[in-house]
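Structure first, then comments.
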Amino acid sequence: MHHFQQSEKPAWGGKVADLLGTRLPVILGPMRLITLGKMAAAVSNAGGFGQIAASGLEADNLRQELKIARELTNRPVGVNIPVYRPNAFEAIEIAIEMGVKTITTSAGNPAKIMDLARSGGLTVIHKVSSVKLAQKAQDAGVDAVIAMGYEAGGHVGRENITTFCLIPQIADAVSIPVIAAGGIADARGVVAAMALGASGVEMGTRFVACKECPVPSFFKDGVQAAQCDGTLLLGKEAMPIRVLANSLAMAVSGMQKGDGAASKGEGQAAVDQAMTQHGDAAYVMQGGNKDSAVMPCGQIAGLVSGEPAAAQIIAQIEEQVAVVCRALGSFFNCA
Ligand SMILES: Cc1cc2nc3c(=O)[nH]c(=O)nc-3n(C[C@H](O)[C@H](O)[C@H](O)COP(=O)(O)O)c2cc1C
């Protein structure tokens, strides 16, 4: 159990908050070259779990961002490590060396890193997109899974399963805690995820348009202007990624559909190769503009408006959760 200052409101914490050492089981979705020390600290200071995305950071940059976070908060801050990237082991060693208690892993088999993580006493939470991958992660010994649906921003599973279907099936199939990701941006989403069997949530798209988020303003504007059909899935066969539908995404998507000279198969192969090799180069944090940048974004963007501080987003969710629960209690006559 973790103890918090008296002035803080009691929370709906539960087992995920206990695992993370936070007041609330609300996780900042790691975002490559976006969720760095400052943003992670802002979310942790608000009672959530901030994390630094290790993807795309050299060893010294990762150390530096962890130092920045440490200077801004004494609350837990995590590191997200895509397991398939060549620097995964080095990033875990840095997390251990810098006193991190919890890492989240994604994109790869967590079994590869468990020995190293455990040698440093790390809690490991792995991101999955199917029941089978959740069971595999549990067998590898992870402490919890983040179940991420197809509506999420960024890389999604190849299985195309929505959060609504994924959460209850994974919750039934594993005994470790399940954290829901994909399509959650307000208290309704949080309560729904908990009703489906999750005991925590992770949000990415909502936090892209928050005050502390260091993305170019055209990206924040794009997320706020997007409707629920404002995203596209690219790189469907290799590593699918959901992005804002700008000119670049639409051109690539056209290739996917096999428009032009290439046959469908050739078009798909070309897209997959382009996304894998050049996706990082065109990524929004490497430059570009609203038409030319790859901007990962989820379908819930249609619900995102304004640019509140991270703490306001979390405070509003906390306040509204009570309202939603009261309304449900009265609707179902079980208050
Ligand atoms: C711009 C952006 C970059 C992302 N980069 C990563 C990443 O580096 N590693 C990762 O595990 N997930 C990444 N994600 C996924 C988020 O961590 C989170 O799971 C997802 O955004 C949740 O779905 P939502 O967008 O509907 O809230 C990214 C998402 C976005 C929007």
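At 7 Å along Cα-to-Cβ for each site, give me the label-to-label distance between Ala107 and Ser175 in nm.
Reported label-point gap for Ala107 and Ser175 is 3.3 nm.
Thinking of segment 1-149 as a set of Cα atoms, what percent of all their pairs are more than 26 Å apart?
19 percent
Ratio to report: Rg/Rh of the chain, with Cα atoms as the point set and Rh obtained by the Kirkwood method; give two decimals.
0.95
How much net charge surrounds Leu116 when only the other residues with a Cβ under 14 Å from the Cβ of Leu116 are counted, with Lys and Arg +1 and Asp and Glu -1?
After counting each charged neighbour, the total is -2.
What fraction of the DSSP beta bridges in segment 85-242 is antiparallel, stated in percent and rounded to the nearest 5?
In segment 85-242, approximately 20 percent of DSSP beta bridges are antiparallel ones.
7 Å from Cα along Cα→Cβ at both Phe89 and Glu319: what's the point-to-point distance in nm?
In this crude label model, Phe89 to Glu319 measures out at 5.0 nm.
For a quick check: sort Val142, Val215 by the number of other beta carbons within 10 angstrom, fewest at the front.
Ascending Cβ contact count within 10 Å gives the list Val215, Val142.
Quickly estimate the mean residue ellipticity at 222 nm for the chain, helices only: each DSSP H run with n ≥ 4 gives -39500 (n - 2.57), and the total goes over all residues, rounded to 500.
-13000 deg cm²/dmol
Quick one: if you stick a label point 7 Å off each Cα along the C-beta vector at Thr162 and Ser292, how many nm between them?
3.7 nm
Net charge near Gly56, counting Lys/Arg +1 and Asp/Glu -1 over other residues with Cβ under 15 Å of its Cβ?
Once positives and negatives cancel, what remains is -2.
Based on alpha-carbon centroids, what's the gap between segment 106-132 and segment 34-84 in Å, whole number please?
18 Å
Where both partners of a DSSP beta bridge lie in the chain, what percent of those bridges are antiparallel, to the nearest 5?
Restricted to the chain, the bridges split so that about 20 percent are antiparallel.
Here, each number is a calculation from the coordinates, and none is a lab measurement. As the structure is a prediction and not an experimental result, all values here were calculated from the model. Positions of Cβ are backbone-derived with ideal geometry, glycine not excepted, and every protein chain shown enters the neighbour counts.
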